[in-house]
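This report refers to the structure that appears directly beneath it.
The values are calculated or read from the model by the stated rules, or taken from the named source; none is laboratory data. Quick caveat, the model's predicted, so the values are computed rather than measured. Cβ sites come from the backbone with ideal geometry, for glycine too, and all protein chains shown count toward neighbours. Note: accessible area is taken over every heavy atom of the protein model, side chains too, but ligands, DNA and RNA are not part of it. Shrake-Rupley method; radii C 1.70, N 1.55, O 1.52, S 1.80 Å.
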Amino acid sequence: MYVFVCVRASVRSSMEALWLCYSSPTPQSASHLLALLVLCLSLAAVTASLLFHWLIDLLKYDIQTALVAVGIYATAVFILSSLIHPFRCAFMLIFPTLFARQGRKLLLSASMMIVVLFVLPNMAANIATLTHVVKCASEKLSQSLLSSSNLINTIKDNIVRRTEESVDGSLVQTLRDFDHTTHINVSEVKGRLHVLSQRVQEDFSEVKSQVQDLKLLFSRIFAAGFVLYLFSESVMYLRSYLTSVRFDNTYITGGLRRKGAEKGIVVEAKDVKNGVNSTSFRITKKELFKCLAPAMVITLYLLMTVFLIVLDFFLYYLVKTGGPWISNMPSTNISINVNFKVGTEVAICQILSSDCQLELFNFNRTYTALIHSDPNVCEAQSSKLNPSVVTALVFLYLFSYTLLPLEVYARRLRRKVAASFFQQQEERRVEFLIKKIQTKQKERQNEVFFIETKHQDKDVSGMIDQL
């Protein structure tokens, strides 16, 4: 037990010494300078390796571009953090900012970005697939109908041949001209439909490729905005901390209590408006009530996301079950009954004004054709949402809910980091609070003295009345 306590004390003192080297404006010795350079180099190397993994695996950059970007980033971070003291502070403030209100906003933005880049395109892909199946089934049905138009050519050819066998003269030539002008070139029409279908398929594939490119582009833009937003929020916090003693100055720290004890003042959280005792891990009721509104906002985002995911699953199920049903249309038989008669009037009937005709030939025949569609041609390839997308959304929303209580400690840590980097500014902020507490306590004492004096005056006046 004694060894554990000694090791713990040694580790704590070493960490405090390293933090002192990193947070000091200027190195106090050569060893401090060496420790600062090692810390800056380590920080740049670790964050650069994370950035390289992010660029390669998530943002799909090529290795050469990622290496160049990571090299520039690591060099810039190492040089700036080694030379510029406020940059070190702003860079360290990024980490508690991730767990504060800004981090929660970024998590919700990331959730919406995932929904826009993955869930909505998947829904659009399922709708497009269903539309493609309907179009393909209609196309195959029209091709089957077109194939049955060969039957029309056969009927006309049979009529012409029967006429040639039975009738001579201009009627045969008229039927030949009619057969020639109304001939349907089935193979040519099928070829044009096939070319049109290929063009539509190419356009559909091109649109899908463009959607994938847009998804990657928006992911890269969001990633750049994510980093810039975090760093800008850290810089804005540090700027407000350095320029205003009122900004984020509601914490009852150990330094404030010691300063008050030196001046004979007992500092309590109620002496400061919205005061928070940062020396303990206890969360006040006000801090808990502040978590309710963000929790409702997160819940609204969660309900909207769940609705979209359920709708996407419904479309996927519709394509998976309805696509084969649409493409597998039952075969249908059609029949055409042709009744073609050719007759002429007899001259003697015209003289006698009687209605009599001489039938030259009578063509009466029934033709049948089968209209069908091949279910194997129009395959419905439904697009299922990647389970990793759902897992990522679940993780983001759980992390968003977890950040609600952690945000309290993140705000405290952020102020403590800024105070350790700029101790003189922290002293001025403590002096401001001490003066404010003194003024408030004097006003409270004056009110008590006034009330007591008033009561004494009433007691004296009552005794005079009795006399």
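Quick look at the numbers
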quantity	calculated
When residues of segment 281-303 are limited to those that are open to solvent by less than 100 Å² (accessible area, probe 1.4 Å) and part of a loop (DSSP other than H, G, I, E, B), the one nearest to L398 (Cα to Cα)	C291
K270 being open to solvent by 40 Å² or more (accessible area, probe 1.4 Å), part of a helix (DSSP H, G or I) and modelled with pLDDT of 70 or more	no
Residue check, A369 in a strand (DSSP E or B), surrounded by 14 or more Cβ atoms within 10 Å (Cβ to Cβ) and at pLDDT 65 or above	yes
Boolean, V46 is open to solvent by 80 Å² or more (accessible area, probe 1.4 Å) and either assigned to a loop (DSSP other than H, G, I, E, B) or closer than 23 Å to V227 by Cβ (or both)	yes
